[in-house]
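The values are calculated or read from the model by the stated rules, or taken from the named source; none is laboratory data. These numbers come from a predicted model, not from an experiment. All Cβ positions, glycine included, derive from the backbone under ideal geometry; neighbour counts span all protein chains shown. Note: accessible area is taken over every heavy atom of the protein model, side chains too, but ligands, DNA and RNA are not part of it. Shrake-Rupley method; radii C 1.70, N 1.55, O 1.52, S 1.80 Å.
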Amino acid sequence: MKIAVIGTGYVGLVAGTCFAETGNGVICVDVNPTKVESLRKGVLPIYEPGLEEMVLRNVQAGRLSFTTDTGDAVRRSQVIFIAVGTPQDEDGSADLSYVLAAARDIGRAMDGPRIVVDKSTVPVGTADKVAAAIREVTEHAVVVVSNPEFLKEGNAIDDFLKPDRVVIGTDDEEARKVMLDLYGPFVRTGKPILCMDTRSAEMTKYAANALLATKISFINEIANLCELLGADVAKVREGIGSDARIGPHFLFAGIGYGGSCFPKDVSALGRTARDSGYEFRILDAVQSANEHQKGVILQKVETVFGSDLTGKTFAIWGLAFKPKTDDMREAPSLTIIKGLLQRGAKVVAHDPEAMKEARRYLGDSVRLVDSNYEACTDADALLVLTEWSTYQRPDFDTIARLLKNRVIIDGRNIYSPERMKAQGFTYHSIGRAAV
Ligand SMILES: NC(=O)c1ccc[n+]([C@@H]2O[C@H](COP(=O)([O-])OP(=O)(O)OC[C@H]3O[C@@H](n4cnc5c(N)ncnc54)[C@H](O)[C@@H]3O)[C@@H](O)[C@H]2O)c1
């Protein structure tokens with residue numbers, strides 16, 4: 001099948017490459033010429049495990065190409081995916097300007113009927129808006145399908161090739177057949193392709209992200225209460241996670257959710273509800289608990305060092321909003337670093353993959369170093385903010401030697417309090433007693 005993917009970010013590049021991997025001819029389009037130029041040279045603009053080799057393989061096989069020319073890509077394709085960003089607008093809603101601009105670009109280029117697939121996360125009713133935008137500029141027939149994406153950054157290839165489920169929203173029989181054909185190779189193990197109307201498909205994506213964000217805020221609230229009551233959230237997680245009705249996933253206490261999806265999607269769903277005259281009470285609580293949680297590390301820092309941090313230096317391990325990605329959009333590390341700097345502290349930080357992004361977000365306000373141990377040199381404490389695997393079993397003797405004070409504040413609960421105590425560290429974590 002000939003496919004165009006409009007928007008070559010985390011979702012578009014992964015989707016396009018995986019469709020090429022199963023033998024389709026894919027043209028990935030982006031408005032950013034630097035990105036396209038870089039991809040043409042085989043240099044990926046993002047870090048996603050396994051993606052680079054798959055891109056190179058498919059480019060070499062002639063199944064995957066990159067362009068800034070939407071018109072050409074549309075004319076040469078049967079199915080066109082929209083995978084552009086839907087960032088948060090000032091009023092909390094999803095900004096649809098990129099999606100609708102892409103829709104108009106597609107419409108203007110159409111020289112015959114096309115299937116246009118919305119893969120961006122968009123509010124309920126957007127498929128109708130996309131169809132209307134296209135029909136305004138073309139006479140040719142168009143079917144707009146909603147096909148929300150559930151991949152996780154850091155595991156995107158696997159999630160796309162082996163999805164838990166695929167959601168296809170359309171009432172058009174022909175378009176449904178084409179989509180089932182396209183996704184067939186990814187569900188050979190029997191995972192379901194769920195066909196529904198476009199509105200239910202659009203809502204499914206928001207409901208999924210809002211529920212996952214709710215789980216995170218819930219366990220964080222439990223963690224904070226555990227600390228006050230002398231309970232251990234890790235034990236509580238095991239206790240509730242083994243209940244089949246609850247399950248163990250998304251129940252790790254931490255420093256709040258971030259990233260390019262949960263914050264904006266929870267906000268957009270709340271906005272959609274308000275615009276429909278409904279007050280979605282839980283979502284406000286989820287957001288407010290998350291904002292509170294981003295401040296918990298600073299509270300712990302103040303417990304140890306007081307509120308004036310002038311003259312203090314903090315080593316930070318982990319800047320990306322989660323491991324195995326370089327994405328720093330809405331990363332809790334940004335809020336924490338800002339809080340430290342405002343209190344007069346200096347920050348020296350390390351991340352295995354997000355250093356380039358960190359430079360973009362933080363400029364010269366923090367010192368970025370190439371080794372996680374170097375960050376500890378003469379620092380007053382080590383703050384662990386992302387649970388990268390390379391941080392999980394470090395050399396604690398070296399850390400103890402390099403730090404000015406043996407203080408570790410662990411926002412991801414990756415170390416054992418008993419071990420930290422035995423090594424002579426003052427150790428604070430989330431939802432567990434400080435030692
Ligand atoms: N990142 C994730 O983990 C994830 C997961 C599931 C769903 N989503 C959703 O998928 C969508 C895309 O997310 P992302 O993280 O890949 O975004 P991104 O910001 O990484 O990429 C979007 C790309 O679209 C390009 N673009 C914008 N307007 C364009 C146009 N008119 N024509 C061509 N290219 C254009 C941008 O230059 C950019 O490269 C969003 O709606 C997001 O909510 C993201």
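His350 sits with roughly 20 Å² accessible to a 1.4 Å probe, with DNA, RNA and ligands left out of the calculation.
Ordering Leu51, Ala234, Ser267 by the projection of their Cα atoms onto the charge dipole of the chain, which places +1 on the Cβ of Lys and Arg and -1 on the Cβ of Asp and Glu, puts Ala234 at the extreme positive end.
In a DSSP loop and with at most 14 other Cβ atoms within 10 Å, the trypsin sites (Lys or Arg not before Pro) in segment 339-435 are Lys404.
Sites listed here are chymotrypsin sites (Phe, Trp or Tyr not before Pro) in segment 1-84 whose DSSP assignment is loop and whose Cβ has at most 14 other Cβ atoms within 10 Å, and the list is empty. Note on the chain: with a GNM built from Cα contacts shorter than 10 Å, the maximum mean-square fluctuation among Pro163, Pro323, Pro394 falls on Pro394. Springs join every pair of Cα atoms under 10 Å in this Gaussian network model of the chain, and among Phe305, Phe250, Phe186 the largest mean-square fluctuation is at Phe305. Accessible area per residue (1.4 Å probe, heavy atoms of protein chains only) ranks Lys205, Lys152, Lys162, Lys41 as Lys41, Lys162, Lys152, Lys205, with the largest value leading.
Modelled spin labels at Ser276 and Asp181, positioned 7 Å past Cα toward Cβ, are 3.4 nm from each other. Across Leu403, Leu194, the residue with the most accessible area heads the list, and the full order at a 1.4 Å probe is Leu194, Leu403.
Multiply the residue separation of Glu173 and Cys195 by 0.36 nm, subtract the distance between their alpha-carbon atoms, and state the gained length in nm to one decimal.
Working: separation 22, 0.36 × 22 = 7.92 nm, distance 1.05 nm.
Between Glu173 and Cys195, full extension yields 6.9 nm more.
Among Lys300/Lys338; Lys235/Lys312; Lys322/Lys356; Lys205/Lys322, which pairs are too far apart, with a Cα-Cα distance over 23 Å? With Cα atoms farther than 23 Å apart: Lys235/Lys312. If you run the Gaussian network model on the chain, springs between alpha carbon atoms under 10 Å, then out of Tyr206, Tyr415, Tyr257 the most flexible one is Tyr415.
If DNA, RNA and ligands are ignored and the probe is 1.4 Å, what is the ranking of Cys261, Cys18 by accessible area, most exposed first? Present the calculation step by step, with values, prior to reporting the outcome.
On the way: Cys261 50, Cys18 0 Å².
Per-residue accessible area, sorted high to low, gives Cys261, Cys18.
Here Val187 sits with roughly 20 square angstrom of accessible surface, probe radius 1.4 Å. At a probe radius of 1.4 angstrom, the accessible area of the chain per residue rounds to 44 square angstrom. Ratio of alpha-carbon Rg to the 2.2 N^0.38 Å globular estimate for the chain, to two decimals, please. That works out to 1.05 for the chain.
Projecting the Cα positions of Leu382, Ala320, Val144 onto the charge dipole of the chain (unit charges on Cβ atoms of Lys, Arg, Asp and Glu, taken about the Cα centre) puts Leu382 furthest along the positive direction.
The base-10 log of I(q)/I(0) for segment 35-145, evaluated at q = 0.16 Å⁻¹, reads -0.83 [Debye formula, identical scatterers on Cα atoms, solvent excluded].
The figure for Trp388 is an accessible area of roughly 20 square angstrom, using a 1.4 Å probe on the protein chains alone. Taking GluC sites (Glu not before Pro) across segment 75-161, the ones in a DSSP loop with at most 14 further Cβ atoms lying within 10 angstrom of their Cβ are Glu90, Glu139.
Residue separation of Thr22 and Leu44 scaled by 0.36 nm, minus their Cα-Cα distance, works out to 5.9 nm of gained length.
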